[in-house]
Amino acid sequence: MRCEVVAVGTELLLGQIVDTNSSWIGEQLAAAGIDSHFQTKVGDNWQRIADSLRLALSRSDAVIVCGGLGPTQDDITRDVIADVMGVELVRDGVIEERIRQMFAARGRAMPENNLRQAMVPEGAQTMAEQPGTAPGLVCPIRWTEPTGEVVDKVIYAVPGVPLEMRQMVTGTVLADLRRRSGTDSVISSRVVRTWGHSESGVAELLADEIERLDQQGHATIAILASGVEGLKVRITAKGPDLQTVGQLLDTEQQRVCEVLGDTVFGFDDDNMEAVVSAALVGSGRTVAVAETISGGYMASRLSLARSAQAMLGGIVVGSAQARSALLEAAGLTSTAIEPASADEAGALAEGARALFGADIGLASVGPVAAGKPTGEIFAAISTATSTDTFAWKFPGDHERVRQFSCISLLDQLRRHLAATAGDSQPPRSTSPTFW
């Protein structure tokens, strides 16, 4: 059973609304064991919607159409589906009365336009779930293949409002798809989150494992570059039940982690700051931050993370005077340290730790040439026993540099916390080479 998703709405093409519905539907189809190979976005145009539906039906057994079921003139999904089915629209008295009651319950007069939503393609069924005025539709189609064979296919039409769409998909669509497919297979994915390798580097490291899985056919690996969120390795497995799929994912996750080593920082929805915050709380340590080039980005991410009570404070140091003030407030001697250097990063990390009374101080600084960051970053981690400094060079614009410098330093803190877990006097570490 193959099911395709068609999202309808010109606003999707213009970027005015992000199409999160299609991705959510894709996740639900995978979890239900339904293959989904294509997703399409199309504007509110009769011919283009019809073409998209016919193309989808030519290569899939079922189509979920999302959007275009409202009461306005540009909501033409139900009309186009009727055209593709080769039938007329008919008034559904039950739906009409249900819509009237919804408006009456709110004490509002019903615009006549809303009765368009009670028009249903002849032969279609409405879904039991109807949280809004737009009913969902199950539209069976007798489809003629190029060979001349006539097969049964189906179009499901659901509203674009996420809450309404989700109730219909989980309540009617998935159950009907399982019934039509006659199978109970399950598809599930797990994501291994990494930081420190390039995309090509991860692909090279996992090349043998990817080839082995391709030959066996039980699972697949995909590598997803996600910017400041790191490189994600998505493992997908298909099996007869959740237990079998879970065992396949467990085995493959272990293999991937063995290959990628300590560049793995989390799984699924974990992000770097949440992992670091949890490690800080688990070890009973606190942290404070001083930043120049990242402009408070690191402090913000730590503050918003779960278990953020480990973050005692942060300060943006925008000038030599501010740097001197920080060091003096922390009771440290303000000396003629070269700006944007490893020594400056170390001093600021020590200053932040002392000023806020934290166990660990973090700092990142970067030189600016002709009013723009150069991409060169110096960073430091300071504890009561040592201060370690790091030097990196990042490509890209200011935003990319500040983001990558932040996550790179948090990754070094993650490694530091893992290496010194339970150690009251952490050893001095050496500066790593970032990918």
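The values are calculated or read from the model by the stated rules, or taken from the named source; none is laboratory data. Because the structure is predicted, anything quoted here is derived from the model rather than measured. Using ideal geometry, Cβ is built from the backbone for each residue, glycine included, and neighbour counts are taken over all protein chains shown. Heavy atoms of the whole protein, side chains included, go into the accessibility calculation; ligands, DNA and RNA do not. Shrake-Rupley method; radii C 1.70, N 1.55, O 1.52, S 1.80 Å.
Residue check: is MET102 outside any strand (DSSP E or B) and in contact (Cβ under 8 Å) with a residue 60 or more places away in the chain? Talk me through it step by step, then tell me what you get.
Working: outside any strand (DSSP E or B): yes; in contact (Cβ under 8 Å) with a residue 60 or more places away in the chain: no.
Against the criterion (outside any strand (DSSP E or B) and in contact (Cβ under 8 Å) with a residue 60 or more places away in the chain), MET102 does not qualify.
Let's see how each residue does on (1) over 25 Å from the mean Cα position of the chain (by Cα); (2) aromatic (Phe, Trp, Tyr); (3) open to solvent by 40 Å² or more (accessible area, probe 1.4 Å); (4) over 24 Å from ILE64 (Cβ atoms):
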{"site": "LEU174", "(1), (2), (3), (4)": "no, no, no, no"}
{"site": "LEU177", "(1), (2), (3), (4)": "yes, no, no, no"}
{"site": "SER181", "(1), (2), (3), (4)": "yes, no, no, no"}
{"site": "GLU229", "(1), (2), (3), (4)": "no, no, yes, yes"}
{"site": "THR236", "(1), (2), (3), (4)": "no, no, no, no"}
- Please indicate, with yes or no, whether at least one residue in the range 390-397 is basic (Lys, Arg), at pLDDT below 90 and open to solvent by 80 Å² or more (accessible area, probe 1.4 Å). yes
- Residue selected from the range 96-130 under the condition among the acidic types (Asp, Glu) and open to solvent by less than 70 Å² (accessible area, probe 1.4 Å), by the criterion farthest from VAL154 (Cα to Cα): GLU96
- Out of curiosity, is ASP44 assigned to a loop (DSSP other than H, G, I, E, B), more than 23 Å from the chain's Cα centre (by Cα) and of a type in the set (Asp, Glu)? yes
- Filtered residues of the range 249-307 (kept if among the small types (Gly, Ala, Ser), out of contact with any Leu (no Cβ under 6 Å at 6 or more places or on another chain) and buried (at least 23 other Cβ atoms within 10 Å of the Cβ)): SER277, SER294, ALA299
- Query: Looking at (1) in a helix (DSSP H, G or I); (2) open to solvent by 20 Å² or more (accessible area, probe 1.4 Å), which is the one condition that is false for GLU338?
  - Reply: (1)
- How many of the residues in the range 336-374 are at pLDDT below 85 and either among the aliphatic types (A, V, I, L, M) or touching an Asp or Glu at 6+ places or on another chain (Cβ under 9 Å) (or both)? 11
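Of everything in the range 59-94 that's more than 16 Å from CYS139 (Cα to Cα) and among the small types (Gly, Ala, Ser), which residue is surrounded by the fewest Cβ atoms within 10 Å (Cβ to Cβ)?
GLY93
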- Task: Kindly indicate whether ILE95 is of a type in the set (A, V, I, L, M, F, W, C), part of a helix (DSSP H, G or I) and farther than 29 Å from GLY182 by Cα.
- Result: yes
- Query: Within the bounds of the range 279-294, is there any residue that is closer than 26 Å to ARG400 by Cα and without any contact (Cβ under 8 Å) to a residue 60 or more places away in the chain?
  - Reply: no
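Might you check whether a residue that is over 28 Å from VAL87 (Cβ atoms), among the charged types (D, E, K, R) and open to solvent by 50 Å² or more (accessible area, probe 1.4 Å) occurs anywhere in the range 148-157?
Among the residues of the range 148-157, not one is over 28 Å from VAL87 (Cβ atoms), among the charged types (D, E, K, R) and open to solvent by 50 Å² or more (accessible area, probe 1.4 Å), which makes the answer no.
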- Item | Checking VAL63 against (1) part of a helix (DSSP H, G or I); (2) touching a strand residue (DSSP E or B) at 6+ places or on another chain (Cβ under 9 Å); (3) within 20 Å of MET119 (Cβ to Cβ); (4) at pLDDT 95 or above, the condition it does not meet | (1)
